[in-house]
Structure formats: C-alpha cells, structure tokens
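The values are calculated or read from the model by the stated rules, or taken from the named source; none is laboratory data. All values reported here derive from a predicted model rather than from experimental measurement. Virtual Cβ from ideal backbone geometry, glycine too; neighbours counted across all protein chains shown. Ligands, DNA and RNA are stripped out before the accessible areas are found, and what is left, the full protein with its side chains, is counted by its heavy atoms. Shrake-Rupley method; radii C 1.70, N 1.55, O 1.52, S 1.80 Å.
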Amino acid sequence: AVPREKRAGMQGHLPGFPDSIELAAMLGAKIVSPDLMQFHPTGIVEPKALRRKRLPETMRGAGAELLNKKLERFVDPLETRNKLSQAIVNECEQGNGVVTSDGRVGVWLDTPMIDQQMGKGYLERQFPTFKQLFEDCGHDLTRERVLVYPIVHYSLGGIEIDEYSRTSVPGFFAAGEATWGVHGNDRLMGNSLLEIFVFGRISGQSAAAYLENLEE
C-alpha cells in the first residue's frame, strides 16, 4: 500500500498498480489513493472449481442470506459492499467462519432461500447462467448453500479528473475505472457501466474541443 501522505499528487513510476494509472503517473497526472480498492462481498470459495468468481447482489436482493458456521444471520444482506465485506471478514476473524479442507475460510450464502422467498423455480428463471454453472460442478443452488468471502473487484482510486474528464495534464483526458472521484469510497452496484458511458462521452467531447482550440 502507498503511504497516506504520498497518495495525493504522486508522480513517476508506480510499480504494481494498473497500467493505466502507472502510465498517467509517468505523464505527470495527479493520482489519488491508487491503493483504494473495492471488494465484492460474495466471491465464491466453494465449489473450488468456481473459486474467485462472484455471485451478484441481485441474489441477496431476491432473498439469499449471509450465515455464519452456526447458520446465524450476522448482517443485513442488502448493506453496501464495503459494509458487507467488512462484516464477513470480522465474522471469520472471530472464529465464526466455515473452514475448507484446504484452509480457506468463508461464510454461507444461503441461495436455497431464494426459492423459499420468491417461489419454486424463481432462482432458475432469474439466474439460469449461475444455475447451470454450479450444476456443471455438481452443486444445486436451490438445495445447497455457497461458501463465499470478499474478493478484489474494482479500483476506486486513480487519476484525478474534473467534471469534464480533464486531468492535471493539459490535453490528457481519462474516464472509467482508471479514474478517482466519481464513486467515492464505495461504488454502488451497476454504476461502473453508467460511469463509462457518461464520462466516456464527456472525455471524447472534451478531447475534441481541446483539439479544436489548438487548431484555432
């Protein structure tokens, strides 16, 4: 991690960070909190074949609960990603997680509760890709819980931009996950797609206007 006092105004080489952020730093652009990452709370731990994939928030919205090894609910499943991820980590650190045969730890995402809440067949209709993906691994989401733990999901730090997608370097524009400031410290579900469409268009317009001014 980058020391807090060096996060703002960084310039030069940033080994270990995404290429886009490193390139921007080498060009002299202001970089803010490059080590600020969002974690997705429901990364799959088991089945092992699906490890590092993630289950969507919509499953929790449809009724799936997060349960500890005692099958107790320990957090509101509709909390923000940051709060859910921290709650899962805390539960596991307190010894309430489920330990796998290879030493991993996680909590249960109770996917069978979806059909209990929404009616039989709802999970298969709404999540057919995941239903089939798990079936291919011999796991029935309508009958068996999934062991989950937070995984790295989205970079929230990066190149500082203004409302016109301008960076601190004239003629250098940026948009998307490489940038900082649009989402704050905890991006809401779905906003990454909205961001890239909105700021992608803005950055293109700003770049075109910049070139027009150079030609005048």
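Things worth noting here:
- Any hit, the range 113-130, residues being on the phi > 0 side of the Ramachandran plot and in contact (Cβ under 8 Å) with a residue 60 or more places away in the chain: no
- Selection from the range 61-91 of residues that are surrounded by fewer than 20 Cβ atoms within 10 Å (Cβ to Cβ) and assigned to a helix (DSSP H, G or I): Gly61, Asn82, Lys83, Gln86, Ala87, Val89, Asn90
- If you go through the range 104-133 and pick out every residue that is open to solvent by 60 Å² or more (accessible area, probe 1.4 Å), under 24 Å from Ala49 (Cα atoms) and part of a loop (DSSP other than H, G, I, E, B), you end up with 1.
Residues checked against (1) over 30 Å from Pro128 (Cβ atoms); (2) modelled with pLDDT of 80 or more:
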{"position": "Pro15", "(1), (2)": "yes, no"}
{"position": "Leu50", "(1), (2)": "no, yes"}
{"position": "Lys70", "(1), (2)": "yes, yes"}
{"position": "Gln86", "(1), (2)": "yes, yes"}
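- Residue in the range 134-160 that is nearest to Ala25 (Cα to Cα), counting only those that are open to solvent by 60 Å² or more (accessible area, probe 1.4 Å), touching a residue at least 60 places away in the same chain (Cβ under 8 Å) and assigned to a loop (DSSP other than H, G, I, E, B): Arg145
- Index of the failed condition, Gly171 passing every other in (1) surrounded by fewer than 15 Cβ atoms within 10 Å (Cβ to Cβ); (2) at pLDDT 95 or above: (2)
- Hey, Val99 open to solvent by 30 Å² or more (accessible area, probe 1.4 Å), within 17 Å of Ile151 (Cβ to Cβ) and aliphatic (A, V, I, L, M) or not: no
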